[in-house]
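**Student:** The structure that follows is given in the form of structure tokens.
The values are calculated or read from the model by the stated rules, or taken from the named source; none is laboratory data. Just so you know, these numbers come straight off a predicted model, no measurement behind them. A quick note on method: Cβ atoms are made from the backbone with ideal geometry, for glycine too, and the neighbour counts reach across all protein chains shown. Note: areas computed on protein heavy atoms with side chains; ligands, DNA, RNA excluded. Shrake-Rupley method; radii C 1.70, N 1.55, O 1.52, S 1.80 Å.
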Amino acid sequence: MAAEESTADAAGMQSRLGEQGYLADRGLATSVSVAVAIERPLLLEGDAGVGKTELAKALASALGTPLIRLQCYEGLDVAHALYDWNYARQMLYIRTVEAAGARTERLEEVFGPDFLLPRPLLQALRHEGEERPVLLIDELDRADDEFEAFLLELLSDFQVTIPEIGTIRARRRPIVIITSNRTRELHDALKRRCLYHWLDHPSPAREAEILAIRLPGLAPGLAEQATAFVAALRELELMKVPGVAETIDWVRGLMALGQDQLDRDSVSDTLGLLLKHREDVETVRERELERLTPGSGDV
Amino acid sequence: MSELRRACAELAGIAARLRNEGLKITYPQIETAAEALIAGPEGDREFAYWALRSALVSGPGEGEIFDRVWAGEPPDAACMRGRDLSAPIAGSGSRRAGALRAGRSDGEGDDERDSDAVGVTFSRSEQLRRLDFNLYGPEEERLARFALRRLAGRLEERRSRRQRRSNRAARLDFQPTLRRSIRTSGHPVDLVWSGPLRRPRRMVFLIDVSGSMQPYSAPMLVLAHALRRLSREVEVFVFGTRLTHLSRDALARNSQAGWSEAVGREVPDWAGGTRIGAGLAAYSRGWGRAGMSRGAVVTVLSDGWERGAAGEIDTAMTTIRLAAHRVFWLNPLAARPGYEPLAGGMAAALPYVDVFLPAASIADLEIFIGELARNRPRPVPQVASLPPRPRSDL
């Protein structure tokens, strides 16, 4: 656990992430190390399944800090993201105090820390340890404009004021990773406050390396053939392009069937592990399978 | 220190060149870029490349531009040409007298409220409705803006009415009810209900802004902006030789600018030809496939005159149509008598379009809004029913 990380060490970050099983390319490692060093949020965009969320997890493990995750969704509001009061408990407390006939001063305790439910953003602000926690704001594009505006404010000052308690300031700025699936464009103001990195699908060689790490006992020939096949698939016009997670599932399925080579039948049978839309499976079956297997090394 | 100074000078140069190519670079971004440089090892070119890229780039399309600037390549000639705004663009009606001005003295604009002139008002607004955008003057433009905003409002009205009538039975929302009950010493007197809200579908506009489309793309931008102000889920892209997403501010700016200069400022390829297929494909790859098209109503505004390869439109439209809920194609030429969509680009796209409409006047856009409001469900497209893809592009 390094002390003041104010220098960006891309190579170092790359190897530390690698130790956690996450293979980042030089560009991503640079962006991450810079974001950590200059204390700016990092916005990761890319297709589903390229490893945006995984990066945050790997980073937290690599740095030995806790990962605090805020999963965004439509209708997410401050109460669910920042904090909420435990109303049920408060009411019980009030009733009990009334029943016991105690004096009103006790009622101030109703807004004490016991009754506060800290949600992820507040957890990140109140983190006690010396290290900076990793705050993952996942799929921000699913939240709405108002939440983005609130987040922008929070990311500027890293402090929040709860009327009944006071101002809470982060002791150390969390390392903020924001991911987006681009179902809508985030606001300029937010994008320009963050460092930006577009995460592409890995190259066949890199994906084969990932497979080797995740699937012990994988035959190298199968890895090469499989990644070449998936790479060719990603060039097609599909409804949903398979991500790394799908590739891993698919190859695991092939291995379970005892395959160490790609052949047309096994691929055709297991397409459902790779492609999640019926139309895509049909497209590939009807049009491409002939062209892409067997020996699908190059197209 | 001189090493640092040199790096900062280079940084300033890069930022300037990026702005020239059409990227918006703000001062805080340059600050961030400088901080990033300082944080890393000196003299490491690779580090500098990635660090500056992460600070100055904010979208997948911008990466290419950054790469070009970093490599020191000369700026795209087509981009530079498009940025000359002083010269009026061919086909623009901004300096021509509008058809409605005949016989009218200046300054009469607001007298339409006069009840005596009601009959005159109706026939004038009726004329305006049917007037081709190509023939607009500044006065028509001003009136049309109001009309388009009202039109957008009508769509929202119909949507919200439908919502109220069809909301399912609501459930009690526990948390806010409890919160309110504290005011009444713990007795839940004030109940809060919540139920599933039918949100209007996302709308994606893909607008051709090449020279020939210019009189028609500007009103579309106004309409799109008006819709966006009413219902946040509107995304607008413009394309000519390149696809550009219009952020909320950019859309606002462009819809308020005069119609002859509307998009030129933002889009470096304003007066070039159109590569429709490439533009649509760029949208699909960058945004549509990732999820923006899903369940959305995608509207393309273009005359179909394609400069690129014919097969490109075909493949691009396939992807768009598979993911989108409905695909509209608006073509300003379609209103002309005797028009048939035979031109290569238009013919290629037509099989994938659910609704094909003209878009040359306000009346046409009213029909468009009417169709939007109808919101008919669409059967899931069968792969076999799509036309066979040409083999050449595989």
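**Student:** Which GluC sites (Glu not before Pro) from the range A:3-101 combine a DSSP loop assignment with at most 14 other Cβ atoms within 10 Å?
**Tutor:** Working: sites: A:4, A:5, A:19, A:39, A:45, A:54, A:74, A:98; in loops: A:4, A:5, A:39, A:74.
Taking the range A:3-101 and a limit of 14 other Cβ atoms within 10 Å, the loop GluC sites (Glu not before Pro) found are A:4, A:74.
**Student:** For peptide B:288-299, how many partner chain Cβ atoms fall within 10 Å of a residue's Cβ, on average?
**Tutor:** Values: counts 2, 8, 11, 10, 6, 2, 3, 1, 2, 0, 0, 0.
Mean partner-chain Cβ count within 10 Å for B:288-299: 4.
**Student:** Kindly report, to the nearest 10 Å², the accessible surface of residue A:128 as traced by a 1.4 Å probe over protein heavy atoms only.
**Tutor:** 140 Å²
**Student:** Run the quick spin-label model on residue A:157 and residue B:24: label points 7 Å from Cα toward the beta carbon, then report their separation in nm to one decimal.
**Tutor:** Here the modelled spin labels are 2.5 nm apart.
**Student:** List the extent of the Cα atoms of chain A along each of their three principal axes, largest first, rounded to whole Å.
**Tutor:** Rounded to whole Å, the extents work out to 82, 45, 38 Å.
**Student:** A further question follows. Taking 0.36 nm per intervening residue step and subtracting the Cα-Cα distance, what contour gain separates residue B:363 from residue B:174 on full extension? Don't skip to the answer; put the middle values down first.
**Tutor:** Working: separation 189, 0.36 × 189 = 68.04 nm, distance 4.83 nm.
My answer for the length gained is 63.2 nm.
**Student:** I need two numbers for the range A:30-99: Rg to one decimal and Dmax as a whole number, Cα atoms only, in Å.
**Tutor:** Over the range A:30-99's Cα set, Rg and Dmax evaluate to 19.2, 62 Å.
**Student:** Sorting B:19, B:45 by accessible area (1.4 Å probe), largest first, what list results?
**Tutor:** On the way: B:19 110, B:45 130 Å².
Sorted descending by solvent-accessible area, the residues read B:45, B:19.
**Student:** Give a residue-ordered list of calculated ³J(HN,Hα) values for the range A:196-212 (Karplus: 6.51 cos²θ - 1.76 cosθ + 1.60, θ = phi - 60°; whole Hz; x for Gly, Pro).
**Tutor:** 10, 9, 8, 9, 8, 5, x, 5, x, 4, 5, 5, 5, 4, 4, 4, 4
**Student:** For residue A:178, list long-range residues whose amide hydrogen, built 1.01 Å from N in the peptide plane, is under 5 Å from its own amide hydrogen.
**Tutor:** Distant-sequence amide H within range of residue A:178: A:42, A:43, A:44, A:137.
**Student:** Tell me the net charge near residue B:304. Cut-off is 12 Å between Cβ atoms, residue B:304 excluded, with +1 for each Lys or Arg and -1 for each Asp or Glu. Let's see the in-between values first.
**Tutor:** Numbers: positive: B:307; negative: B:208, B:303, B:306, B:340.
Residues near residue B:304 contribute -3 overall.
**Student:** Check cross-link reach from residue A:240 to the lysines: straight Cα distance under 21 Å, and skip same-chain residues fewer than eight apart.
**Tutor:** A:52, A:276
**Student:** Between residue B:31 and residue A:287, what is the label-to-label distance in nm when each label sits 7 Å out along the Cα-to-Cβ direction?
**Tutor:** Here the answer is 5.0 nm between the modelled labels.
**Student:** I'd like the chymotrypsin sites (Phe, Trp or Tyr not before Pro) in the range A:23-97 restricted to DSSP loop residues with at most 13 other Cβ atoms within 10 Å, sorted by number. Let's see the in-between values first.
**Tutor:** Values: sites: A:73, A:83, A:85, A:87, A:93; in loops: A:73.
In loop regions of the range A:23-97 (DSSP not H, G, I, E or B), the sparsely surrounded chymotrypsin sites (Phe, Trp or Tyr not before Pro) are A:73.
**Student:** Now for a separate question. What does the average come to when, for each residue of peptide A:184-192, you count the partner chain Cβ atoms lying within 10 Å of its Cβ? Write down the numbers at each step before the final one.
**Tutor:** Numbers: counts 10, 11, 3, 3, 7, 5, 1, 6, 10.
The mean count of partner-chain Cβ atoms within 10 Å per residue comes to 6.
**Student:** Follow-up question, since we're still on this one. Can you work out ³J(HN,Hα) from phi for every residue in the range A:44-55, in order, using Karplus 6.51 cos²θ - 1.76 cosθ + 1.60 and θ = phi - 60°, giving whole Hz and x for Gly and Pro?
**Tutor:** 10, 10, x, 4, 5, x, 8, x, 5, 5, 4, 4
**Student:** To continue, here is another question. Can you list the residues, at least 5 places off or on another chain, whose amide H is less than 5 Å from the amide H of residue B:40, using H built in the peptide plane?
**Tutor:** Those lying under 5 Å, H to H, from residue B:40 are A:8.
**Student:** For residue B:207, list long-range residues whose amide hydrogen, built 1.01 Å from N in the peptide plane, is under 5 Å from its own amide hydrogen.
**Tutor:** Residues meeting the criterion, in which the H sits 1.01 Å from N, are B:237, B:238, B:239, B:301.
**Student:** Would you tell me the mean number of C-beta atoms belonging to other protein chains that fall within 10 Å of each C-beta in B:352-359, as a whole number?
**Tutor:** Working: counts 0, 0, 0, 0, 0, 0, 0, 0.
Partner Cβ neighbours, averaged per residue: 0.
**Student:** Just order B:277-285, B:352-360, B:171-179 by mean Cβ neighbour count inside 10 Å, highest at the front, would you? Can you show the working numbers first?
**Tutor:** On the way: B:277-285: 23.6, B:352-360: 20.0, B:171-179: 14.6.
Output ranking for B:277-285, B:352-360, B:171-179: B:277-285, B:352-360, B:171-179.
**Student:** Something else about it: How big is the accessible area of residue A:198 in square angstrom, nearest 10, if you roll a 1.4 angstrom probe over the protein chains?
**Tutor:** That residue has around 60 Å² of solvent-accessible surface.
**Student:** Next up: Taking θ as phi - 60°, what are the ³J(HN,Hα) couplings along the range A:134-150 by the Karplus curve (6.51, -1.76, 1.60), each to the nearest whole Hz, with x for Gly and Pro?
**Tutor:** With coefficients 6.51, -1.76 and 1.60, one gets 8, 9, 9, 9, 8, 6, 4, 5, 7, 7, 9, 4, 4, 5, 4, 4, 4 Hz.
**Student:** Taking a spot 7 Å from the Cα of residue A:94 along the direction of its beta carbon, which residues of the range B:171-190 have an amide N less than 13 Å from it?
**Tutor:** Counting only backbone N, you get B:177-190.
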